[in-house]
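Chemist: My questions all concern the structure below.
The values are calculated or read from the model by the stated rules, or taken from the named source; none is laboratory data. Since this is a predicted model, take the numbers as computed values, not measurements. Virtual Cβ from ideal backbone geometry, glycine too; neighbours counted across all protein chains shown. Note: areas computed on protein heavy atoms with side chains; ligands, DNA, RNA excluded. Shrake-Rupley method; radii C 1.70, N 1.55, O 1.52, S 1.80 Å.
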Amino acid sequence: MNRPPLFCDLETFSETPINHGTHAYAEKSEVMLWPFAVGDGPVTVWDVTTGKPMPAELEDHLADERVDTVWHNGGMFDTVVLPHAMDIHIPIERVHDTMVRAFTHSLPGALGDLCDILKVDTDKAKDKAGRQFIHLFCKPRPATSAIRRATRETHPVEWGRFVEYAALDIHSMREVYKKLPIWNYRGEELALWWLDQKINRRGFAVDMDLVHAAIDAVNKAQKHLAKRTVQMTDGTVQAATQRDAMLAHLLVEYGVNLPDMQKATLERRIADPDLPEAMRELLGIRLQASTTSTSKYKTLERSVSRDGRLRGTTQFCGAGRTGRWAGRLFQPQNLPRPTLDQEDIDVGIEALKADCADLITDNVMELTSSSIRGCVVAPAKKKLVVSDLSNIEGRDQAWLAGEAWKLQAFRDFDTIIGQDDKGKDIRKGHDLYKMAYAKAFGIHPSEVDGDMRQIGKVMELALGYEGGVGAFVTFAAGYGMSIAELADAAWDAIPKDILAEANSGLAWAKKNKRSTFGLSDREWVVCDSLKRVWRYAHPNIAAMWKELGDAVRRAINQPGATVDVRGLLIRRDGSWLRIRLPSGRYLCYPSPHVEHDSGQISYMGMNQYSRKWSRLKTYGGKLFENICQAVARDVLAHNMALIEDAGYEIVLTIHDEVICETPDSDEFNVKHLSSLLATNPPWAPDMPLAAAGFETYRYKKD
């Protein structure tokens, strides 16, 4: 029988700032205070700085394998610090993390926020004062301070209060622990978190020579760009990154009043053939100087551990609505899309490391941005084996909605019937972007050319979740497509009855003063027409959006009743709306509500812009997006254990891709890894899955 849980917290000090990452911080850390409580017992604070031995009660419960330890962010912080600071190793299977448990149920991770949401009483005045003492004792003092570090000896009165306040988080955590739901923090999900911690602590090897070389190259380039900016503006702008000064100069010198300095705005202007050459160069300098992705190199430089590996880069269930991983530190989920060919990147990396990048490119910023993936490398005698689930969201959309023609199209495309004389696979079916265009416009896939396929790709990416013209514009911009060129390419292919419907839609939008996204009438009508033909070609998916919206409204208005939408079970219990996924995991929507008059669905969640807990609106298509992304995550999650068991050591996951470190032998290969990644989970035996990838010694974009 398990004994009562041991609630723990640590107050620590390190010369390394915490924003360098826990693992770098931990290497120079020490534990000052260790508050703890056994079950509902009193809170005790062990003041480690006194030199007194660990209290017998704490030592007994740490040694007892039947005792679970409970921490808030214990997996990614406290139990990472302990081995470095005190040589104490707590098996992750004995760690219960209230922050992670909150994330798995779409709640924020901060303990204070959880106390507010779950109505846990806290003394906010004492807590605020306690935070001030943490700031005093847990960080090095400013370099100008006479006392470099505040301690129990230098500040005895404040230290006494610090010890008192250290117990507060234990009280709060214990109450949060009792009130948090457990639906998504048990069984396979808990085992997945244990694996996630293993992967985070394993980390990946980093080419520090490339990191240092890239930082030096960027610094040189920035100085050159600043010097050129001063020359071209006669000193009115000291650096291209000075937004307001640059806008003012462009207005005075060229009579151009730009609305902003965003990348898309500048690229549109640069493409204008009538633009004065000097202004084109100046805008190009601004684009180079404002490349932010190069800052990732500095993150790598300060966060890599002594052994040359970067750890702690993904947060389990950090994407609160779907349960996908979120990036930390290096932000691997948000790597820039390379703008250079891989061959040029490979040459560029060697040039950077040889300190001669300026000899092969006029745009060092573009080179370093495109090369960032190359910092992830395999150690000696090992290789990286990488595989990515192919179009997993498109596949699970069709599977969930029962879009039969599309499911068959995926299966046909996955069927290899031979190879051509160059060894390239010959497939039974056509590429799905071609199929999407062909199905929408009633032509044979063999008639779809490259431009048509690109239209089909943007349609697939933009329109699967009830997106309209706005979504189309967003995705087209993201993939470098000109809406004007798109309109010209698609106009003649659009059926006249669809054009008539779209024109009526435009008239309605103007009458009701809806945004037309700055598009011409022709451009708007084409985008709206493409939306319509895609929906007509996908009747089951389009129908599912409405079914989900209606089902969620019924479930919210009828607490305790379970509503079934094509196998998805939707139910409201108390202040929670839950959608049971095919895997058995739940999507959670706290405090759901339906507006009586409008039928608008809303729930409480973290606003991604304000970062505040607030009421968010949703609709059928958005719910479908949440579900599809969650199902894609669950496919990946299920197969991660299979991959590890086969000897492939996962060092990183990026969206639907796994990066594994393996011995440099034929036994470990991309064909085998891809077969593991595309294994059908027992809850989705008939979903068409496929994966593909590559083997390399340096990570890249396939």
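Chemist: Can you tell me the mean projection area, over all orientations, of the convex hull of region 243-341's alpha carbons? Units nm², please.
Modeler: For region 243-341, the mean projected area of the Cα convex hull comes to 9.8 nm².
Chemist: From largest accessible area down, sort ILE556, ILE182, ILE417; use a 1.4 Å probe on the protein chains.
Modeler: ILE417, ILE182, ILE556
Chemist: Let me ask you something else. Can you pull the one-decimal nm distance between simple spin-label points at ASP209 and SER504, each 7 Å off the Cα toward Cβ?
Modeler: Going from the ASP209 label point to the SER504 one covers 6.7 nm.
Chemist: Here's a follow-up. Any chance you could look up the accessible area of ASP702 with a 1.4 Å probe, heavy atoms only, rounded to 10 Å²?
Modeler: Surface open to solvent at ASP702 totals about 120 Å².
Chemist: Also, I was wondering about something else. What distance in nm separates the two pseudo spin-label positions at ASN257 and ALA63, each 7 Å out from Cα along the beta-carbon direction?
Modeler: 7.8 nm
Chemist: Probe radius 1.4 Å, ligands and nucleic acids left out: which of ILE601, ILE117 has the largest accessible area, and how do the rest follow?
Modeler: ILE117, ILE601
Chemist: Another question, then. Mind checking the full-extension length gain between LYS198 and ILE416? Use 0.36 nm per residue of separation minus the Cα-Cα distance, one decimal, nm.
Modeler: 74.8 nm
Chemist: Moving on. Taking only protein heavy atoms and a 1.4 Å probe, what accessible area per residue, in Å², does region 156-294 have with all protein chains in place?
Modeler: The answer is 50 Å² per residue.
Chemist: Sorting LYS422, LYS612, LYS179 by accessible area (1.4 Å probe), largest first, what list results?
Modeler: LYS422, LYS612, LYS179
Chemist: Sorted from largest down, give the three principal axis spans of the alpha carbons of region 601-702, whole angstrom values.
Modeler: 53, 33, 23
Chemist: Let me ask you something else. How do the peptides 567-577, 270-280 rank, highest first, by the average count of neighbouring beta carbon atoms within 10 Å per residue?
Modeler: The densest-packed peptide leads the list: 567-577, 270-280.
Chemist: Using r as the Cβ-Cβ distance of ALA543 and ARG514, and R0 as 25 Å, what FRET efficiency do you calculate, to the nearest 0.05?
Modeler: 0.55
Chemist: So what is the relative contact order for region 132-185, in percent, with contacts set as C-alpha pairs under 8 Å and at least six apart?
Modeler: 23 percent
Chemist: So what are the radius of gyration and Dmax for the Cα set of region 70-213, in Å?
Modeler: Rg and Dmax of region 70-213, Cα atoms, are 18.5, 53 Å.
Chemist: Quick one: Debye curve from the alpha-carbon atoms of region 194-315 only, equal weights, vacuum; give me log10 I(q)/I(0) at q = 0.18 Å⁻¹ to two decimals.
Modeler: Per q value, in the given order, log10 I(q)/I(0) is -0.90.
Chemist: Expressed as a whole percent, how much of the Cα-Cα distance distribution for region 519-632 exceeds 25 Å?
Modeler: Summing the P(r) tail past 25 Å for region 519-632 gives 31 percent.
Chemist: Using only the Cα atoms, what convex hull volume per residue in Å³ does region 163-239 have?
Modeler: 285 Å³
Chemist: Below 8 Å, C-alpha to C-alpha, sequence gap of six or more: please give me the relative contact order for the chain in percent.
Modeler: After rounding, I find 13 percent.
Chemist: For ASN680 and SER446 in the same chain, what is the full-extension length gain: residue separation times 0.36 nm, less their Cα-Cα distance, in nm?
Modeler: This chain segment gains 81.2 nm when fully extended.
Chemist: How much accessible surface area, in Å² rounded to 10, belongs to the heavy atoms of ARG131 with a 1.4 Å probe?
Modeler: Accessible area, nearest 10 Å²: 110 Å².
Chemist: Could I ask something else about it? Pairs to check: LYS428/LYS622; LYS119/LYS617; LYS223/LYS383. Give those whose C-alpha atoms are more than 29 Å from each other in this structure.
Modeler: Those over the limit are LYS428/LYS622; LYS223/LYS383.
Chemist: Where the convex hull is taken over the Cα atoms of region 430-565, what is its projected area averaged over directions, in nm²?
Modeler: Working: hull surface 39.4 nm².
One quarter of the hull surface, i.e. the mean projection, equals 9.8 nm².
Chemist: How long are the semi-axes of the equivalent ellipsoid of region 313-442, taking √(5λ) for every eigenvalue λ of the Cα gyration tensor, in whole Å from largest down?
Modeler: Values: eigenvalues 253, 107, 51 Å².
In descending order, the three semi-axes are 36, 23, 16 Å.
Chemist: Non-local amide H neighbours of VAL565 (under 5 Å, H modeled in plane, Pro and chain starts lacking H): which ones?
Modeler: Amide H neighbours of VAL565, under 5 Å, 5+ apart: ILE570.
Chemist: So, with a 1.4 angstrom probe, what is the percent of accessible area on the chain that is carbon and sulfur?
Modeler: Numbers: 16090 of 32440 Å².
Looking at the chain in its full context, I get 50 percent from C and S.
Chemist: Turning to a different aspect of this structure: Leaving ligands, DNA and RNA out of it, work out the accessible area of GLU93 with a 1.4 Å probe and give it in Å² to the nearest 10.
Modeler: 100 Å²
Chemist: State which entries of LYS296/LYS382; LYS382/LYS434; LYS28/LYS198; LYS139/LYS227; LYS353/LYS422 exceed 31 angstrom in Cα-Cα distance in the structure shown.
Modeler: Numbers: LYS296/LYS382 25 Å; LYS382/LYS434 38 Å; LYS28/LYS198 22 Å; LYS139/LYS227 38 Å; LYS353/LYS422 35 Å.
Pairs exceeding the cut-off: LYS382/LYS434; LYS139/LYS227; LYS353/LYS422.
Chemist: Which three numbers, in whole Å and largest first, are the semi-axes of the equivalent ellipsoid of the chain derived from its Cα gyration tensor as √(5λ)?
Modeler: Listed largest to smallest, the semi-axes of the chain are 44, 35, 28 Å.
Chemist: Further question: Can you work out the FRET efficiency for the pair ASP550 and ALA264, with r the C-beta to C-beta distance and R0 = 35 Å, to the nearest 0.05?
Modeler: Computed FRET efficiency for ASP550 and ALA264 comes out at 0.40.
Chemist: Once every DSSP H run of n ≥ 4 in the chain is given -39500 (n - 2.57) and the sum is divided by its residues, what mean residue ellipticity at 222 nm do you get, rounded to the nearest 500 deg cm²/dmol?
Modeler: Values: 27 runs with 321 residues, N = 702.
Mean residue ellipticity at 222 nm (helix-derived): -14000 deg cm²/dmol.
Chemist: Rounded to the nearest angstrom and ordered from largest down, what semi-axes does the equivalent ellipsoid of region 355-402 get from its C-alpha gyration tensor (root of 5λ)?
Modeler: Square roots of five times the eigenvalues give 37, 20, 6 Å.
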